[in-house]
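Below is one structure, written out as structure tokens; the observations come after it.
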């Protein structure tokens, strides 16, 4: 009778709710329990007569789920919904009744965890139910909090199910719900779910880990002595702290055994030190590292750099004078609440928003969930959603990269871009631009040009290069991009493009996106024929195809052999033959110096040329030279470094022609790792035009640097 709540207490609560109420009041002393009382009475009456497979009255399940959430500090609305979470699914109670009696928030939470009917969805019912819950969680994370507690209680009583059903439920728990618990920071639920799942899916390993724990428990725990020493140390340092021994759970012991091979007596637990303020954490750390021997490789500061699920603690390991090594966690009591209960400890996200807290500060709107909700909207079929969801949740970490992306307006506003650990430049492109990332032609990471397949690390600065939207023949992703994509959003977008553009991923040179077969995705395909090159704007003279064949390179001298007017320079000796050095191709108003060479000629170099330093170091005396007054036209060699893409040569020569320069010769080297190098020998009517020309060339999409050409020094 007490279990079924027939005996009301003085405060109006049934006896069955007494323990829940006591735990809840410990977290919320002033909580109004009226809604809980009404929710319990409705749940008990609607489930009356229903029994669980264990033989217990069904009401024991919502009661157990509610108690789990109360122990983790869930507020009243969550507890009210948890009491009712199976009523709409398993009884005659309707969602409209719940809304009318308990309000919109409670009805939203109940609806969020209500399963879809197999009669309507067939085999898709389970994955589509998860999709429904995730979408609901996007608006209110309390939906997933209730689901996690619901699954934990079901896993505790799973032994009454058939073995094959136990395995099926355990696999879904392992693949979906445990990663969600980790991402929402609910470690208390996650740890027990891991142990229960481990016992079903890996019974032999589970048995071995339990035997190791039991064997260790029969001996005195050496961590007790270390904890005593730490307490004394902190007391003498006048730091108020609580020092606890925190045993490892079964899966944690199993993982540590796989990592270390054989476990020592101190490996079955860790010291947990709780303090009041953030500064106290570092004070504790200072005392530990001063008075014990720290293992530097084990130190991690998750206070300065919290984990993606808002976990914050200091991690270290110390050795005492007897050689006992203890792992230590240092955190404030508030950090401990969040570490154990995650989003549950942060309460009502709607109340937080009303108080002015941004959703970014609340795990109610974490970046990984926003990404998940975005890509799932494009996964129209159930199989794709289910497969990509498991892959997404298999990523066990998150990184943040910083994007500065020229060439298009970013969909996310630029700046910090959160990605799963292991993400590549391809993922960054789709995370930044969505489907517009089909036009990505390359990337630079931390200032260095790199392949789109490059895996990114936390804190990387990423610059993405996009093909102009107005390109006559727009590029698209090549099939190889799928090998480099780690995020579902990227994979879904790439597959959709490839499916809707059959055959267009293969170009005349045999690769997708106009790439060189040797160069990786995004590298330029140079002009395919000499006729093609010659037909480009600002005709490239004798430029051949970019398969790396050497082009004619005219020698720049004071009197050009091809009759073109060039800038002239004079020496003090009016009889000297003066030539402009090909290694640095000086033009007015460069500071220049000359050196006498055989035959009485003088070769003129820029003063900054590496050849000047080399010849001066060998004792050669410079010859004074100067630009002739009135010199106008000049010849110069420029090198344009760019990310490969189609039409790059055409765009560059068009810009060169628009600036009034004439292309005397051009050379395009074969692409290497998406980088392509164009070398142009140009004639300018006026040397003063050179800075503007170089700026204009740098403005061409994909070009990241334009420099004056200089030949490399010969080896000594």
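The values are calculated or read from the model by the stated rules, or taken from the named source; none is laboratory data. Small disclaimer: the values here were computed from a predicted structure and weren't measured. A quick note on method: Cβ atoms are made from the backbone with ideal geometry, for glycine too, and the neighbour counts reach across all protein chains shown.
Structure values in brief
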item: Region 445-458, residues that are within 19 Å of residue 399 (Cα to Cα), out of contact with any helix residue (DSSP H, G or I) (no Cβ under 9 Å at 6 or more places or on another chain) and touching a residue at least 24 places away in the same chain (Cβ under 8 Å); result: 457, 458
item: Selection from region 163-189 of residues that are under 29 Å from the mean Cα position of the chain (by Cα) and either free of Cβ contacts under 8 Å to residues at least 24 places away in the same chain or part of a loop (DSSP other than H, G, I, E, B) (or both); result: 178, 184, 185, 186
item: Strands (runs of 3 or more DSSP E) contained entirely in region 617-709, each with at least 2 residues that are farther than 14 Å from residue 587 by Cα and in contact (Cβ under 8 Å) with a residue 40 or more places away in the chain; result: 634-643, 662-668, 675-684, 703-708
item: So residue 21, is it at pLDDT 95 or above, part of a helix (DSSP H, G or I) and over 16 Å from residue 142 (Cβ atoms); result: no
item: Filter result (touching a helix residue (DSSP H, G or I) at 6+ places or on another chain (Cβ under 7 Å) and part of a strand (DSSP E or B)) within region 421-444; result: 424, 440, 443
item: Some residue of region 557-573 being touching a strand residue (DSSP E or B) at 6+ places or on another chain (Cβ under 7 Å), modelled with pLDDT of 70 or more and assigned to a loop (DSSP other than H, G, I, E, B); result: no
item: Counted residues, region 32-78 - those being part of a loop (DSSP other than H, G, I, E, B), free of Cβ contacts under 8 Å to residues at least 60 places away in the same chain and surrounded by 16 or more Cβ atoms within 10 Å (Cβ to Cβ); result: 3
item: Condition check for residue 156: in contact (Cβ under 8 Å) with a residue 24 or more places away in the chain, touching a helix residue (DSSP H, G or I) at 6+ places or on another chain (Cβ under 8 Å) and crowded, with 20+ Cβ neighbours inside 10 Å; result: no
item: Candidate set: region 18-30, residues that are touching a residue at least 24 places away in the same chain (Cβ under 8 Å) and within 24 Å of residue 93 (Cβ to Cβ); chosen: the one farthest from the chain's Cα centre (by Cα); result: 20
item: Meets criteria (outside the structural domain of residue 582 (by TED's automatic domain parsing) and either under 21 Å from residue 440 (Cβ atoms) or modelled with pLDDT of 80 or more (or both)) for residue 648; result: yes
